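Participant: Input: one structure, supplied below.
The values are calculated or read from the model by the stated rules, or taken from the named source; none is laboratory data. Owing to the predicted nature of the structure, the values given are computational and were not obtained by experimental measurement. Because the Cβ atoms are built from the backbone with ideal geometry, glycine has one as well, and the counts that use them run over all protein chains shown. Please note that ligands, DNA and RNA were not included when accessible areas were found on the heavy atoms of the full protein model with its side chains. Shrake-Rupley method; radii C 1.70, N 1.55, O 1.52, S 1.80 Å.
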Amino acid sequence: MSEAAGRVLVVDDDETVRDVVRRYLEVAGFTVDVAGDGAEALRRFAARPADLVVLDVMMPGINGLEVCRQLRQTSEVPVVMLTALGEEENRIAGLQLGADDYVTKPFSPRELALRVSSVLRRARMPRRQPARTELADGDLLLRLDARLATLGGAELPLTTREFDLLAFFLSNPGTAYSRADLLEKVWGWDFGDQSTVTVHVRRLREKIERDPAKPVRVATVWGVGYRYDPGQSGQPS
């Protein structure tokens, strides 16, 4: 099969799930590799990197969260996590580790294929050259060309999506955006779980606000979403 659509690595310890996901993705035009556990997934990815990884969280041995963490040490490959319906903590942990999206089990294989296509499309979009190479708000500085963020001179450990979200806020201060707006403008998705945005906003506040429980830079606009208010100091004391 042609690899034009992309190569996807599907990682799940359930053979039936692997087979169903593989068949749906192949129908959608993808070339699919499969792995039955975390260790095999890391070996396969090292030998032949995929364009996207579909990764189950709950696996024996090296679980999906650890696989995601290790992948993020060397690669920005898009990751779509598979989590059980009640595993909210695992979903949040996956997003914090840099996963791009998640799908809860039981899931529609057709929806998963759409999510994979959407995430890959976004990942392949060429990044537009910014009109400016730096964005600043007081002691908060983003160097867009270097993908570097600092607060009070200290480097901020932002994930790729956290950096993109902060860059969007700094480029559009004083405007309220809904979670759906942010999902479209920052993630490039016209559908998806909006709690993804909530988690990333919370993580961003933990890194740039003096008191994340009382944010002054990334303000909540009740009934709407979020607004970035410039001129506020969020540096921890």
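Participant: Return one whole number: the accessible area per residue of the chain in Å², for a 1.4 Å probe. Intermediate values should be presented prior to the final figure.
Facilitator: Values: 11740 Å² over 237 residues.
Accessible area per residue, the chain: 50 Å².
Participant: Ok, one more. Among the chymotrypsin sites (Phe, Trp or Tyr not before Pro) in segment 1-86, which ones are in a DSSP loop with at most 16 other Cβ atoms within 10 Å of the Cβ? Mind listing them?
Facilitator: On the way: sites: Tyr24, Phe30, Phe45; in loops: Phe30.
Answer by residue number: there is no such site.
Participant: For segment 144-237, which GluC sites (Glu not before Pro) are both in a DSSP coil and crowded by at most 16 other Cβ atoms within 10 Å?
Facilitator: Values: sites: Glu155, Glu162, Glu184, Glu206, Glu209; in loops: Glu209.
Here no GluC sites (Glu not before Pro) fit, given the DSSP loop and packing criteria.
Participant: Here is a follow-up. Calculate, in nm to one decimal, what Arg7 and Arg23 gain on full extension: separation in residues at 0.36 nm each, minus their alpha carbon distance. Display every interim value, and only then the final one.
Facilitator: Values: separation 16, 0.36 × 16 = 5.76 nm, distance 1.34 nm.
4.4 nm is the gain from fully extending Arg7 to Arg23.
Participant: Quick check on the chain: helices-only [θ] at 222 nm, where DSSP H runs of length 4 and up contribute -39,500 (n - 2.57) each and the sum goes over total residues. Nearest 500, please.
Facilitator: Details: 8 runs with 89 residues, N = 237.
Per the formula, -11500 deg cm²/dmol.
Participant: Oh, and also: Counting other C-beta atoms within 10 Å, and keeping those with at most 14, which DSSP coil GluC sites (Glu not before Pro) do you find in segment 31-77? Walk me through the numbers before you get to the answer.
Facilitator: Values: sites: Glu40, Glu66, Glu76; in loops: Glu76.
Within segment 31-77, the qualifying GluC sites (Glu not before Pro) (loop, at most 14 other Cβ atoms within 10 Å) are Glu76.
Participant: Let me ask you something else. Compute the relative contact order of segment 10-70 as a whole-number percentage, counting only Cα pairs closer than 8 Å that sit 6 or more residues apart in sequence.
Facilitator: Details: 70 pairs, mean separation 22.9, N = 61.
So the answer I get is 38 percent.
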